[in-house]
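Below is one structure, written out as structure tokens; the observations come after it.
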Amino acid sequence: MDAVQRMLNIALLEESEADVCGLAFALLGEGHKDYRYGYIARAEHHLGAGNVADVTIEVLRGDDKVLVVECKRSHQGFQRGQLQIKGYMINGGFPNGLLICGQTSRFFSYNPTDDNAVPTEDGQYSNPSKLTDVIAGIRAM
């Protein structure tokens, strides 16, 4: 957990999207959503129609989609990021979404089998004070 905290500190200090993506990958590992637990994590995943998600998580053996992640340098990108993550969830068929910057993690859910469904926000966490809650949310997916 110390390494994840260090990555959070770097993301907060630098406000770089690359550092936020590094933080996201660390959180995914702590949340048991990496190759060690049977998942494939893809960076800059092309979803078609010009959509490129920062990170996607799928079951390694099968085609079950688990999570799409959109990383932003800071809160300033969250308005656009919210539109992006919802579009990725709908167009890519992902039931879970995570919009993240150094300061905040925002979770979304969506039922891709329901033609009338739309992605909804499930919760927002302050990363500096609620990092364990963010990891628990990822593990619960």
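The values are calculated or read from the model by the stated rules, or taken from the named source; none is laboratory data. Quick caveat: nothing in here was measured; it's all calculated off a predicted structure. Quick reminder, even Gly has a Cβ in these numbers, built from the backbone with ideal geometry, and neighbours come from all protein chains shown. Just the protein is used for accessible areas: all its heavy atoms, side chains included, with ligands, DNA and RNA removed. Shrake-Rupley method; radii C 1.70, N 1.55, O 1.52, S 1.80 Å.
Some values worked out for this structure:
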{"item": "Residue within the stretch 12-34 that is in a helix (DSSP H, G or I), touching a residue at least 40 places away in the same chain (Cβ under 8 Å), touching a Pro at 6+ places or on another chain (Cβ under 9 Å) and open to solvent by less than 10 Å² (accessible area, probe 1.4 Å) present", "result": "no"}
{"item": "Odd one out for GLU58, checked against (1) open to solvent by 40 Å² or more (accessible area, probe 1.4 Å); (2) in a strand (DSSP E or B)", "result": "(1)"}
{"item": "Residue list for the stretch 47-66, filter: more than 18 Å from ASP114 (Cβ to Cβ) and under 11 Å from the mean Cα position of the chain (by Cα)", "result": "ALA53, ASP54, VAL55, THR56, ILE57"}
{"item": "Hey, HIS75 modelled with pLDDT under 95, open to solvent by 60 Å² or more (accessible area, probe 1.4 Å), touching a strand residue (DSSP E or B) at 6+ places or on another chain (Cβ under 7 Å) and over 30 Å from GLN5 (Cβ atoms) or not", "result": "no"}
{"item": "Matching residues in the stretch 35-46 - criterion: being surrounded by 17 or more Cβ atoms within 10 Å (Cβ to Cβ) and farther than 22 Å from VAL4 by Cα", "result": "HIS45"}
{"item": "GLU70 vs. criteria surrounded by 20 or more Cβ atoms within 10 Å (Cβ to Cβ) and part of a strand (DSSP E or B)", "result": "yes"}
{"item": "Answer from PHE108, PHE94 - the residue that is open to solvent by less than 10 Å² (accessible area, probe 1.4 Å), aromatic (Phe, Trp, Tyr), closer than 23 Å to ALA26 by Cβ and not in a strand (DSSP E or B)", "result": "PHE94"}
{"item": "The stretch 126-141 - residue that is open to solvent by less than 70 Å² (accessible area, probe 1.4 Å) and either in contact with a strand residue (DSSP E or B) (Cβ under 7 Å, 6 or more places away or on another chain) or charged (D, E, K, R) (or both) and, of those, farthest from PHE25 (Cα to Cα)", "result": "SER126"}
{"item": "When residues of the stretch 59-72 are limited to those that are over 17 Å from LYS86 (Cα atoms) and in contact with a strand residue (DSSP E or B) (Cβ under 9 Å, 6 or more places away or on another chain), the one modelled with the lowest pLDDT", "result": "LEU60"}
